[in-house]
Ligand code: RB5
């Protein structure tokens with residue numbers, strides 16, 4: 001972890017994300033560089049980063065990494081996740097095919113805050129070719145330190161599953 005990252009991070013926020021303080025992170029080749037940038041940021045927040053790949057710039061298929069993220073979240077090996085592809089679009093689509101995943105493609109800190117407060121997103125999605133490193137760090141810190149507001153938002157989020165069940169009828 002760089003001393004720069006430590007300075008920016010401030011005090012550990014692990015208590016804010018609960019006892020299970022592991023954040024899974026995965027990317028395709030379009031998000032590989034940003035993934036490498038964000039891992040030290042996660043660690044600087046006092047959290048553990050579970051790196052699900054990819055492990056180099058070679059071309060890979062983003063749905064494979066979305067699926068791995070869904071598995072890790074389902075198994076309880078991580079409480080939240082970060083997914084990155086070139087635009088963030090494909091990996092969002094793939095991740096949201098899994099019913100327990102609420103993946104939010106974010107482009108600034110406000111989107112990241114509202115994704116947690118209103119949507120109880122459990123996966124932050126970023127476009128590695130769309131956002132710069134500083135903006136991505138902002139999104140990450142805000143996403144990992146913001147609580148779900150519940151209330152009327154809980155009712156709406158609960159309807160995600162209802163909609164899946166009734167769509168074929
Ligand atoms: C890979 O070239 C690119 O298509 C992928 O990273 C992503 O942007 C897809 O949505």
Matching residues in region 133-149 (more than 23 Å from residue 70 (Cα to Cα) and either touching a helix residue (DSSP H, G or I) at 6+ places or on another chain (Cβ under 9 Å) or within 16 Å of the ligand (Cβ to nearest atom) (or both)) number 4
Residues in region 25-67 that are closer than 17 Å to residue 144 by Cβ, within 15 Å of the ligand (Cβ to nearest atom) and assigned to a helix (DSSP H, G or I) total 2
Residue pairs qualifying under the 8 Å Cβ cut-off, at least six apart or on distinct chains, with the first in region 132-156 being on the phi > 0 side of the Ramachandran plot and the second being surrounded by 15 or more Cβ atoms within 10 Å (Cβ to Cβ) and part of a loop (DSSP other than H, G, I, E, B), are none
Restricted to region 68-92 and to residues being surrounded by fewer than 16 Cβ atoms within 10 Å (Cβ to Cβ) and part of a helix (DSSP H, G or I), the residue farthest from the ligand (Cβ to nearest atom) is 75
Residues of region 93-122 being surrounded by fewer than 22 Cβ atoms within 10 Å (Cβ to Cβ), more than 13 Å from the chain's Cα centre (by Cα) and either within 16 Å of the ligand (Cβ to nearest atom) or at positive phi (or both), in sequence order, are 93, 97
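Laboratory data are not the source of any read-out in this text; all were calculated from the coordinates shown. Model, not experiment: these values are computed from the prediction. Every residue, glycine as well, gets a Cβ built from its backbone with ideal geometry; the counts of neighbours run over all protein chains shown.
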